[in-house]
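All remarks here apply to the structure that follows.
The values are calculated or read from the model by the stated rules, or taken from the named source; none is laboratory data. Remember, predicted model here, so these are calculated numbers, not experimental data. Methodologically, a virtual Cβ is constructed for each residue, glycine included, from the backbone with ideal geometry; neighbour enumeration extends over all protein chains shown. Calculation scope for accessible area: heavy atoms of the full protein, side chains included, ligands and nucleic acids excluded. Shrake-Rupley method; radii C 1.70, N 1.55, O 1.52, S 1.80 Å.
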Amino acid sequence: MSNMSETIRVTPAKTSKSIEQPSCRLCGSSLGEPFLNLGQQPLCESILRKDQLNQMEPFFPLQVYLCDECMLVQLDQYVSPDHIFSEYAYFSSYSDTWLKHSQAYVQKMIETFELGPQSLVVELASNDGYLLQYFVQRGVPVLGIEPAANVAKVAVEKGVTTRVKFFGVKTAEEEIAGGTQADLLIGNNVLAQVPDLHDFVEGMRLLLKPHGLITMEFPHLMQLLESNQFDTIYHEHFSYFSLAVVERLFSEHGLRVFDVEELPTHGGSLRIYACHFHDWKLATQRLEDLRTQEDVYGLDRFECYTAFAERVRETKWKLLEFMIDAKRSGRQIVGYGAPGKGNTLLNYCGIRTDFLDYVVDRNPYKQGKFLPGTHIPIYHPSKLQETKPDHVLILPWNLKAEVMSHISYIREWGGQFVVPIPEVEVFS
Ligand SMILES: [Zn+2]
């Protein structure tokens with residue numbers, strides 16, 4: 001869940017890229033050649049206003065590396081998080097599926113770990129309070145830490161105490177000095193956006209009470225590869241995690257993963273449970289099982305990644321074949337949703353208004369603006385009723401069931417849904 005601004009001022013994180021060989025964010029080794037090249041791309045969340053369409057737009061290489069020392073899959077960093085988070089356009093509460101997921105999580109944590117008025121729940125990158133609000137409703141004290149001021153403000157209005165800050169050792173120390181330590185420390189879909197992983201995880205260790213619990217959710221690298229989710233790769237996501245790599249990262253900071261759940265969110269995520277290294281919590285069988293699954297899948301072998309890169313190219317060819325055929329037959333194609341992942345797909349495939357007339361999005365912040373790079377206009381969903389398109393390409397494919405039910409009325413005029421990932425599929 002990432003996403004952001006119309007006001008990004010891009011300053012390259014480094015200059016003179018051409019002579020500098022990137023090094024691994026986790027272990028510091030020198031990275032070799034990228035195994036996947038998605039071309040030159042704009043920052044996928046920097047949607048444009050009309051008056052920006054004639055201005056120069058920054059594009060950066062979108063290339064994916066595998067560290068052959070620690071096996072972390074990562075991008076070179078072109079933008080600093082200050083720029084990404086200055087004003088976030090993403091409000092988690094615009095997704096019903098995500099809200100339900102969050103509510104179920106809160107229910108489970110309160111029951112399983114007996115959280116109550118005496119506990120403190122801290123969430124890192126707490127967004128608009130989409131999750132912490134459910135703890136507040138149940139009388140459990142919370143603290144959100146969120147770098148984007150505009151979404152933090154919405155959280156505070158909901159009664160979710162929120163500090164506008166980046167998280168790391170410095171923030172953890174400030175909170176501890178103010179008497180704050182967490183019984184439950186949550187980080188959902190944030191690890192990918194952390195430039196300094198060691199500072200972040202060390203901060204978590206500090207902020208966690210001696211018998212406190214960490215849960216983190218992140219898209220599972222194995223699912224990304226297996227289900228061909230290359231569109232979830234974008235500049236704002238610096239790292240892509242397997243269980244094995246997260247376990248290595250945590251162990252370097254005296255933390256231990258003791259349990260893991262596989263979740264359907266974001267195309268397949270992991271929720272890890274971690275504690276201080278010497279806490280008594282026992283490792284579960286499903287943790288052991290998932291370690292084995294990752295080994296069998298071959299996440300530690302380079303061929304696994306080159307085969308993925310091959311599938312990505314094949315998907316581009318197939319999607320373009322479908323679209324060229326539709327356009328030659330005089331059919332209108334539009335897009336649903338303006339998520340970050342849509343932009344990676346559209347820019348990589350070279351799909352502009354010559355294929356997609358427009359996209360619609362429920363988020364009023366995005367309506368009336370344009371997608372980065374492709375400059376496809378974004379409208380309110382009511383535009384669909386107006387033009388009655390033949391095909392609606394669902395860009396947030398992870399929410400396809402939700403989208404199909406929201407706009408099932410396109411079937412009244414024979415409209416069809418098209419889902420691009422894992423492979424092009426038409427639903428009539
Ligand atoms: Zn490494």
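Data overview
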item: Answer residue from the stretch 297-335, given it is under 25 Å from the mean Cα position of the chain (by Cα) and of a type in the set (S, T, N, Q) and is most open to solvent (accessible area, probe 1.4 Å) among those; result: Thr306
item: Filter result for Gln77 (modelled with pLDDT under 95, within 16 Å of the ligand (Cβ to nearest atom) and more than 24 Å from Glu247 (Cα to Cα)); result: no
item: Leading residue by the ranking (nearest to the ligand (Cβ to nearest atom)) among those in the stretch 54-72 that are farther than 13 Å from Ser30 by Cα and open to solvent by less than 10 Å² (accessible area, probe 1.4 Å); result: Val64
item: Residue count for the stretch 191-211, restricted to those that are at pLDDT below 95 and open to solvent by less than 40 Å² (accessible area, probe 1.4 Å); result: 3
item: Elements of type helices (runs of 4 or more DSSP H) in the stretch 337-427, at least 3 residues being surrounded by fewer than 22 Cβ atoms within 10 Å (Cβ to Cβ); result: 383-387, 400-406
item: Test result for Arg352, basic (Lys, Arg), modelled with pLDDT of 95 or more and touching a His at 6+ places or on another chain (Cβ under 9 Å); result: yes
item: Some residue of the stretch 288-296 being among the hydrophobic types (A, V, I, L, M, F, W, C), within 30 Å of His406 (Cα to Cα), under 23 Å from the mean Cα position of the chain (by Cα) and open to solvent by less than 70 Å² (accessible area, probe 1.4 Å); result: no
item: Those residues of the stretch 229-245 which are acidic (Asp, Glu) and either under 10 Å from the mean Cα position of the chain (by Cα) or open to solvent by 10 Å² or more (accessible area, probe 1.4 Å) (or both), in sequence order; result: Glu236
item: Pairs where the first residue, in the stretch 236-263, is touching a residue at least 60 places away in the same chain (Cβ under 8 Å) and over 23 Å from Pro339 (Cα atoms) and the second is of a type outside the set (Val, Ile, Thr) and in a strand (DSSP E or B), C-beta under 8 Å, 6+ apart; result: Ser242/His220
item: Pairs where the first residue, in the stretch 96-118, is exposed (fewer than 12 other Cβ atoms within 10 Å of the Cβ) and the second is of a type outside the set (Ser, Thr, Tyr), C-beta under 6 Å, 6+ apart; result: Pro117/Gly139
item: Of all residues in the stretch 122-178 being part of a helix (DSSP H, G or I) and among the hydroxyl-bearing types (Ser, Thr, Tyr), the one that is most open to solvent (accessible area, probe 1.4 Å); result: Tyr134
item: Candidates Thr265, Thr284 - the one that is hydroxyl-bearing (Ser, Thr, Tyr) and modelled with pLDDT under 95; result: Thr265
item: Residue list for the stretch 19-50, restricted to those being within 16 Å of the ligand (Cβ to nearest atom), touching a residue at least 60 places away in the same chain (Cβ under 8 Å) and open to solvent by less than 20 Å² (accessible area, probe 1.4 Å); result: Leu26
item: Top-ranked residue of the stretch 265-287 - restricted to ones that are of a type in the set (Gly, Ala, Ser) and farther than 30 Å from Ala401 by Cβ, ranked as most open to solvent (accessible area, probe 1.4 Å); result: Ala283
item: Flag if Tyr240 is of a type in the set (Phe, Trp, Tyr) and assigned to a loop (DSSP other than H, G, I, E, B); result: no
item: Out of Arg311, Arg256, Arg291, sole residue that is within 21 Å of Leu185 (Cβ to Cβ) and not in a loop (DSSP other than H, G, I, E, B); result: Arg256
